[in-house]
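Chemist: Have a look at the structure that comes next, please.
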Amino acid sequence: MEQSILIRRGRVIDPASGTDAVMDVAVEGGRVAAMGPGLTASPAQRVIDAQGLLVTPGLIDPHVHLREPGQEHKETIATGSAAAAAGGFTTVCCMPNTTPALDTPELADVVTHRARHASCRVFVVAAATKGRHGQELAEIDLLARAGAVGFSDDGDCIASAGMMARVLGAVRATGLAFMQHCQEPTLTRGASMHAGEVSTRLGLTGWPRVAEEIIIERDLSLNRGIGCRYHVQHLSSGHSVDLIRRARQAGQPVSAEVSPHHLLLTDAACDGYNTLAKVNPPLREAADVQAVREGVAQGVITVLATDHAPHSADEKSLPFEDAPFGLIGLESALALYREALIDSGAIDWPRMIAMMTIEPAKLCGLDARGFGSLRAGGPADLTLIDPEFAWTFGPEHIRSASCNSPFLGRSMRSKAVGTIVGGRVIFAPGC
């Protein structure tokens, strides 16, 4: 149930308003009641001493795979939202590559209904084509009316240029964003990792950068005359950053996201046929990692998203070519972003928090509902972060139903120590 809470002496960072100051935050009735220094606690309030902590709007991940319905052996809405809360996320947007795909209002309603008792807020990104097959438009207008916060055939690219143009036009009419999985299928058939020295040595079919880049170029060309809000998911190639930069400079409504693994790991992580490092798009080379970090530093890439993709241990134990793509990311993302972006000097805490709050909120239209920011009268979704918390990521930290992460055993710094959703303390081992 909603609680009466007073959070004292934390460093409040709200990029939406430009706030960065030590102050108190009072929560009443599921809303932020007041913000400022020296607020007085009532006898009914739970007092949390946040001295030394960052107090931010609830973190938002616009790209997760909750696997429900149809793939509950990998993840469920309950386990996935618990993982999100443990990572400091108060809101996640789930992808439509479930079984069946989330391509009708009725199926979107199923997820929304099941998420009523989740550990965080769950919004649906709906399929843009029926069955995600890229052949026939889904009920885009009806899905938007049913509460979809974006559209994507994630897991598959819309390969047909003609269908892509129709999708962009239909999604533009809703005012929502289309989120593209940029993978030209004829260039990646049978590929399981980046095309480079490592794939050659391992005898594996390589996945070239151009398979991502050519789709971005095509879609940007198509969208010039349409004007849909267009978002590139899990960007991996250094040249893709250049394409996005030029499009943004030309005034196109384009944005992009990057995931923790593409900011930290290279294709060398796949050595020894390590399936935990098999992801889509694949891990690239050191020059790509550097270019993507620079894209973040320059404001070309504006959103951080985990692409949380759980798989069972049995599936990841298959031979490299047969194992599924993907890794889990919700519990470890905050510390990995800190390592890649703050410790490297690319950006500071306020900018990183913006990329995890107001920027994804704008992408998914959630800013209009008050999410992604902290203000009196707004929803009491907050994350408390210990920026200097030192820990080693292990199985004991995982709330997901799956454990497929190449980061297990990695020493980390920074951790969410409090997650408050709608005025309810969901996760607070350190408070």
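The values are calculated or read from the model by the stated rules, or taken from the named source; none is laboratory data. A quick note: this is a predicted structure, and the numbers were derived from the prediction, not measured. When we count neighbours, we look across all protein chains shown, and the Cβ atoms used for this are built from the backbone with ideal geometry, even at glycine.
Chemist: Name every residue in the stretch 264-281 that is part of a helix (DSSP H, G or I) and out of contact with any Phe, Trp or Tyr (no Cβ under 6 Å at 6 or more places or on another chain), in order of residue number. Working first, answer last.
Modeler: Residues of the stretch 264-281 part of a helix (DSSP H, G or I): 264, 267-270, 275-277.
Hits for the stretch 264-281 are Leu264, Asp267, Ala268, Ala269, Cys270, Leu276, Ala277.
Chemist: Turning to a different aspect of this structure: If the Cβ limit is 6 Å and pairs must be 6+ apart or interchain, which residue in the stretch 13-34 that is outside any strand (DSSP E or B) pairs with which residue that is surrounded by 20 or more Cβ atoms within 10 Å (Cβ to Cβ)?
Modeler: Pro15/Ile353; Pro15/Ala354; Pro15/Ile358; Ala16/Ile358; Ala16/Ser373; Gly30/Ala380; Gly30/Gly423
Chemist: Scan the stretch 156-172 residue by residue and report those that are in contact with a helix residue (DSSP H, G or I) (Cβ under 7 Å, 6 or more places away or on another chain) and either among the small types (Gly, Ala, Ser) or buried (at least 20 other Cβ atoms within 10 Å of the Cβ) (or both).
Modeler: Residues of the stretch 156-172 that are in contact with a helix residue (DSSP H, G or I) (Cβ under 7 Å, 6 or more places away or on another chain), as a first pass: 156-159, 161, 164-165, 168, 170-171.
The answer is Cys157, Ile158, Ala159, Ala161, Met164, Ala165, Leu168, Ala170, Val171.
Chemist: On the given criteria, is Phe371 in contact with a Ser or Thr (Cβ under 9 Å, 6 or more places away or on another chain) and over 23 Å from Asp20 (Cβ atoms)?
Modeler: Details: in contact with a Ser or Thr (Cβ under 9 Å, 6 or more places away or on another chain): yes; over 23 Å from Asp20 (Cβ atoms): no.
No: the conditions fail for Phe371.
Chemist: State all residues of the stretch 260-280 that are buried (at least 16 other Cβ atoms within 10 Å of the Cβ), touching a Leu at 6+ places or on another chain (Cβ under 8 Å) and not hydrophobic (A, V, I, L, M, F, W, C); if no residue qualifies, say none.
Modeler: Pro260, His261, His262, Thr266, Asp267, Tyr273, Thr275
Chemist: Taking the condition of being crowded, with 17+ Cβ neighbours inside 10 Å, more than 19 Å from the chain's Cα centre (by Cα) and of a type outside the set (D, E, K, R), how many residues in the stretch 227-251 meet it?
Modeler: Qualifying residue count for the region: 4.
Chemist: Follow-up question, since we're still on this one. Checking Thr419 against (1) of a type in the set (S, T, N, Q); (2) farther than 21 Å from Asp14 by Cβ; (3) surrounded by 24 or more Cβ atoms within 10 Å (Cβ to Cβ), which test does it fail?
Modeler: Only one criterion in (1) of a type in the set (S, T, N, Q); (2) farther than 21 Å from Asp14 by Cβ; (3) surrounded by 24 or more Cβ atoms within 10 Å (Cβ to Cβ) is unmet by Thr419, namely (2).
Chemist: Restricting to strands (runs of 3 or more DSSP E) lying wholly in the stretch 43-91: which have 2 or more residues that are within 19 Å of Asp367 (Cα to Cα)? I'd like the intermediate steps shown before the answer.
Modeler: Details: elements: 46-49, 54-57, 59-64.
It comes to 54-57, 59-64.
Chemist: Considering each of Ala335, Ala416, Ala354, Ala361 in turn, give the residue that is farther than 26 Å from Gly52 by Cβ, of a type outside the set (D, E, K, R), touching a residue at least 60 places away in the same chain (Cβ under 8 Å) and not in a loop (DSSP other than H, G, I, E, B).
Modeler: Among Ala335, Ala416, Ala354, Ala361, only Ala361 is farther than 26 Å from Gly52 by Cβ, of a type outside the set (D, E, K, R), touching a residue at least 60 places away in the same chain (Cβ under 8 Å) and not in a loop (DSSP other than H, G, I, E, B).
Chemist: Next question. Starting from the stretch 139-150, take each residue that is outside the structural domain of Leu107 (by TED's automatic domain parsing) and within 20 Å of Thr91 (Cα to Cα) and list its partners that are aromatic (Phe, Trp, Tyr) and assigned to a loop (DSSP other than H, G, I, E, B), counting only C-beta distances under 6 angstrom and pairs at least six apart or across chains.
Modeler: So the pair list comes out empty.
Chemist: On to the next question. What residue, among those in the stretch 215-263 that are in a loop (DSSP other than H, G, I, E, B) and among the aliphatic types (A, V, I, L, M), is farthest from Ser160 (Cα to Cα)? Outline the logic, then answer.
Modeler: Residues of the stretch 215-263 that are in a loop (DSSP other than H, G, I, E, B), as a first pass: 224-228, 233-237, 250-253, 259.
From what's left, among the aliphatic types (A, V, I, L, M): 226, 235, 250.
Working: Ile226: 16, Leu235: 20, Ala250: 25 Å.
Ranking the qualifying residues of the stretch 215-263, first place goes to Ala250.
Chemist: Residues being touching a helix residue (DSSP H, G or I) at 6+ places or on another chain (Cβ under 9 Å) and in a loop (DSSP other than H, G, I, E, B): count how many of those fall in the stretch 282-310.
Modeler: Adding up the residues that qualify gives 13.
Chemist: Same structure, new question: Does the stretch 178-212 hold any residues that are among the charged types (D, E, K, R) and either closer than 17 Å to Phe151 by Cβ or surrounded by 19 or more Cβ atoms within 10 Å (Cβ to Cβ) (or both), and which are they? So that I can check it myself, show each step before the final result.
Modeler: Within the stretch 178-212, the first condition is being among the charged types (D, E, K, R), and the residues that meet it are 184, 189, 197, 201, 209, 212.
The answer is Arg209, Glu212.
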